[in-house]
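Working notes, beginning with the structure itself.
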Amino acid sequence: RLLDGGRSAIRVGRPPAGTFATDGPAVCAEIHEGLAIHLPTHFYHVVPAGAE
């Protein structure tokens with residue numbers, strides 16, 4: 001599950017000189033996301049028959 005941090009932004013601006021092959025406006029995206037991993041509540045230790 002991805003969690004939105006509420007701080008993500010997309011904006012248009014002028015990058016520093018020499019960043020791209022041509023000059024002009026560019027799109028900048030900043031994405032702040034979190035990741036939640038849901039684990040099972042029970043774990044099982046499985047051993048094949050005869051391996052004991």
(message) Looking only at residues that are open to solvent by less than 100 Å² (accessible area, probe 1.4 Å) and outside any strand (DSSP E or B) in region 1-13, which one is farthest from Leu39 (Cα to Cα)?
(response) Ser8
(request) Could you please find all residues in the chain being under 17 Å from the mean Cα position of the chain (by Cα) and charged (D, E, K, R)? (result) Arg1, Asp4, Arg7, Glu30, Glu33
(request) Please find, within region 14-36, the residue that is most open to solvent (accessible area, probe 1.4 Å) out of those that are assigned to a loop (DSSP other than H, G, I, E, B) and charged (D, E, K, R). (result) Arg14
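The values are calculated or read from the model by the stated rules, or taken from the named source; none is laboratory data. Quick caveat: nothing in here was measured; it's all calculated off a predicted structure. Protein only, heavy atoms only, side chains kept; ligands, DNA and RNA dropped before computing areas. Shrake-Rupley method; radii C 1.70, N 1.55, O 1.52, S 1.80 Å.
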